[in-house]
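Below is one structure; the comments refer to it alone.
Just so you know, all these numbers are worked out from the coordinates, no wet-lab data involved. Every value quoted in this text rests on a predicted model; they were computed, and no experiment measured them. With ideal geometry, Cβ positions are generated from the backbone for all residues, glycine too; neighbour counts draw on all protein chains shown.
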Amino acid sequence: MATAIKDGTKVWQRRDRKAQFATWGVYLTGTAIFVYCWELISEKTTWAFVWDAPAQAGDLFARMVPPDWNSIHGLWWPIWDTLNIATLGTLMAIIIAVPVAYCAARNTTPSVAFVRPVALFIIVSSRSINSLIWALMLVTIIGPGVFAGILSIGLRSIGFCAKLLYEAIEEIDESQVEAVRATGASGGQVTAYGIVPQVLPAFAGISVFRWDINIRESTVLGLVGAGGIGLPLNAAITTLAWTQVSLILLLIIATVVAGEWVSAKVRHAII
Amino acid sequence: MRSIGYGGGPMLRIKGLTKRYRTGDLALKGIDLDVPDGQVMALIGPSGAGKSTVIRCINRLVEPTAGTVMLNDLEVTTLGRGELRRARRRMGMIFQEYALVERLSVMENVLSGRLGYVGFWQSYFRKFPQSDIDEAFRLLARVGLDHMADKRADELSGGQRQRVGICRALIQNPELLLVDEPTASLDPKTSRQIMRLIKELCAERKLSAIINIHDVMLAQMFAERIVGLRVGEIVYDGPPENLTADVLTKIYGEEDWSATIRKVDDEAAEMEADEVIPPELPLPSRDRMAGLT
């Protein structure tokens, strides 16, 4: 115990001797592992390449400037596709995530034993597969294009939205729900009056937040053929058209910044 | 439609009410309690005595383990889901911490008391009958909040919120009010105003009420009858005047009660001296309530 009696006075220390030794032991082991791993990585690294890296980066950068502004006309359509993939994918995810979240939340699920595990499984499987992997699979199933992109963004986002939403549902103030129930309201009315108003701000926040993430995610989907700005990016990289690559990167940055600005505004308006 | 207690019997009759929670705790040990028509009764007792469980077993927000609850001629304890919802319309409930839906407006909160009477879509699109809306405005005016109808509930002060809670309970047109610690989060002055309001409204509408309350003095000032609960059993049932130090010790345990008892007498006298409550209040009484905010 941290409290002990020494020479008749009660003394207090944060840890007793045993806990103190254990703490030191943990730090010592951690340091040892770090040093060992450093050694291991260092052995397997071709340092010549690493020392060469700044020169290579500088070279690549030189080939990227100035961006090829003339090719921008061909990019409006792909970037519009990207925005649509993000927006429609998010929309699809929300529509599916709401009932899933309702079934997953402990306090609203119709059955803790049967329905809830199914809902949780949907959430976990959706969350554990990256949208790029979804896209890879969907392109082989339904062919390349924007639709595959929308589906992969949607499938990836269901779990994210449903998880955050069901956590919000579980955190509601039950006394408000109880008060609505006490009036003789039906189950649907209890949901509409007691639960929905409480989770609405969280719901809106989650949706906008996911849309913001999806704009970033949808920029890479073209790399596997699922439409959007990733398609010309992939083409530019394979043809070594570095000035076009830099332009596309600038365009992606601009889009993401705009998306974040919009989502910040919306979230600010809700909360 | 309000049905008046039949045959002169009690409007609420509780028999052998027992509740054992899933944790194994026996919260109520076979309570027998009759509440006559129009009686305002205070239920006092230490925390954990089972006060909240009693009133939640009456409208079955908590399912009783055993025993019966009769509301006039209706046995509440055996009702199916739909019938239970219809029975709940006859029992208005007022909560500790108000339990208003914070993000809905005052009007929506009051109208939510009518949810048992309207269909889902009607309530979803907020298309309540004009008669309900009239009644909501009437009640809000009665408690001095008719100018607040469009405010969001979380913009209101504690006393205002509890008055909205009272309107929500009354718009159900209940026969019985179940009141759970109505003053637990209010300051002493607002607490009295809220208790007085509940008492007046019960008198106006000839309602019975069961009021769970921690504050012994408030209970004595505003209730006609006091029931003392201790670890799931009724240990006192009688008029407020008979609440002696011995009785309080029986309910709450050993403590020096002399100050509590003396103070009540003083305050009751003081109240009669400086406050004249008109028996029938003219509407709207906002001026009278203006001081509450």
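The table below lists the values:
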quantity: Cα-centred dipole magnitude for the range B:96-173, charges only on beta-carbon of K, R (+1) and D, E (-1), debye, nearest 20; calculated: 80
quantity: Estimated FRET transfer efficiency when R0 is 60 angstrom, pair A:Trp80-A:Lys6 (beta carbons, to 0.05); calculated: 0.20
quantity: Average beta carbon contacts from partner chains per residue of B:96-107, 10 Å cutoff; calculated: 4
quantity: Förster radius 56 Å - calculated FRET efficiency between A:Trp24 and B:Gln130 (Cβ-Cβ, nearest 0.05); calculated: 0.15
quantity: Cα centroid separation - the range B:36-114 against the range A:180-215, whole Å; calculated: 25
quantity: Point-to-point label distance, A:Arg17-B:Thr23, nm (Cα→Cβ direction, 7 Å offset); calculated: 4.0
quantity: Relative exposure of A:Cys161, B:Cys202, A:Cys37, judged by other C-beta atoms within 10 Å (fewest first); calculated: A:Cys37, B:Cys202, A:Cys161
quantity: Dipole in debye (nearest 20) - chain B, about Cα centre, beta carbon charges: Lys, Arg +1; Asp, Glu -1; calculated: 1480
quantity: Order of A:Thr23, B:Thr183, A:Thr108 under a 10 Å beta carbon neighbour criterion, fewest first; calculated: A:Thr23, A:Thr108, B:Thr183
quantity: Burial order of peptide ranges B:91-101, B:146-156, A:64-74 (average beta-carbon count within 10 Å, highest first); calculated: B:91-101, B:146-156, A:64-74
quantity: Gain on full stretching of the segment that runs from A:Lys44 to A:Val256 - 0.36 nm per residue minus C-alpha separation; calculated: 72.6 nm
quantity: Cleavage-rule hits (trypsin sites (Lys or Arg not before Pro)) in the range B:206-246: DSSP loop, at most 15 neighbouring Cβ within 10 angstrom; calculated: B:Lys206
quantity: Whichever lysines have a C-alpha closer than 24 Å to that of B:Lys151, once near sequence neighbours (fewer than 8 apart) are set aside; calculated: B:Lys127, B:Lys189
quantity: Reachable lysines, given that their alpha-carbon falls under 26 Å from the alpha-carbon of A:Lys18 and they are not under 8 places away in the same chain; calculated: A:Lys6, A:Lys10
quantity: Proximal charge balance of B:Val227 [Cβ under 10 Å; K/R count +1, D/E count -1]; calculated: +1
quantity: Loop-located GluC sites (Glu not before Pro) in the range A:142-187 whose Cβ has at most 13 other Cβ within 10 Å (DSSP); calculated: A:Glu171
quantity: Exposure proxy order (Cβ contacts within 10 Å, fewest to most) of B:Leu84, B:Leu115, A:Leu75, A:Leu233; calculated: B:Leu84, A:Leu75, A:Leu233, B:Leu115
quantity: Length-normalised contact order of chain A in % [C-alpha pairs under 8 Å, at least 6 apart]; calculated: 23
quantity: Shielding by partners, peptide A:189-197 (average Cβ within 10 angstrom, other chains); calculated: 5
quantity: Neighbour cut-off at most 16 other Cβ (10 Å), DSSP loop, trypsin sites (Lys or Arg not before Pro), the range A:1-110; calculated: A:Arg14, A:Arg15, A:Arg106
quantity: Charge dipole (chain B, unit charges on Cβ, about Cα centre) - positive-most of B:Cys57, B:Leu84, B:Gly24; calculated: B:Leu84
quantity: Inter-centroid distance (Cα atoms) of the range A:1-58 relative to the range B:150-173, Å; calculated: 58
quantity: Estimated [θ] at 222 nm from DSSP helical runs (n ≥ 4, -39500 (n - 2.57)) normalised by residues in the protein assembly as shown, nearest 500; calculated: -17500 deg cm²/dmol
